[in-house]
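Below is one structure, written out as structure tokens; comments come after it.
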Amino acid sequence: MIIRQERLEDYDAVYHIVKEAFESAEHSDGNEQDLVVELRKSKSFIPELSLVAVEDGKIVGHILFTKALVQGVEVLALAPLSVLPDYQNKGIGLSLMKEGHGIAHKLGYEYSVVLGHSKYYIKAGYTPASKYGIKAPFEVEDESFMALSLNGSQNKLNGIMEYDKAFGVDIN
């Protein structure tokens, strides 16, 4: 398997991967593929952190990290992480996260934040974001709103996460 930066010619394949990956997801609004399209157009988009997993010449997974803010500190929002159903439970998502975390660390980001299944993201080192003083801008169970320190920092940010407007989350 190869993990590389997403390219313009990958956009159609990624759209369908995200759509298919979330079709049977327990928590999905069905618009994750459109969110990716909107985030690519936003000032929060970081091309180096839009990655694809390629197996036998076929794109089978995608991960996107975009800029977000907590108390004026730039952090990353991991969303979405998508793997084609036939390729799930084979470590592809974890590999995408690991590669993304490494790139994010090199780019100088301190935290990655994700809203998702705690039993899954804990495998990649995520813990409740409240540990770092990062609060969700919406009602959510503590164990589902998670963060990962990319550089080992234990700094408490003590603020509410501000997502890109493409997420449709307003903190006001």
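Read-outs: derived from the displayed coordinates by stated rules, not from any lab. Since the structure is predicted, the reported quantities are computational estimates derived from the model, not experimental observations. We place every Cβ from the backbone using ideal geometry, glycine too, and count neighbours over all the protein chains shown.
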Report, in listed order, any pair from Lys19/Lys43; Lys67/Lys98; Lys41/Lys90; Lys43/Lys90; Lys98/Lys119; Lys58/Lys90 with a Cα-Cα distance greater than 21 Å. Lys19/Lys43; Lys41/Lys90; Lys43/Lys90
Around Asp164, under 9 Å between beta carbons, what's the net of Lys plus Arg minus Asp minus Glu among the other residues? +1
Given only helices, namely DSSP H runs of n ≥ 4 each adding -39500 (n - 2.57), what is the per-residue ellipticity at 222 nm of the chain, to the nearest 500 deg cm²/dmol? -7500 deg cm²/dmol
Are there GluC sites (Glu not before Pro) in segment 1-69 that DSSP puts in a loop and that have at most 11 other Cβ atoms within 10 Å, and which ones? Glu26
Cβ under 9 Å from Ser42's Cβ, Ser42 left aside: what net charge do those residues give with Lys, Arg +1 and Asp, Glu -1? +3
Label point distance in nm, Lys90-Glu141, each placed 7 Å from Cα along Cα→Cβ: 3.0 nm
Local charge sum around Gly30 (other residues, Cβ-Cβ under 12 Å, Lys/Arg +1, Asp/Glu -1)? -4
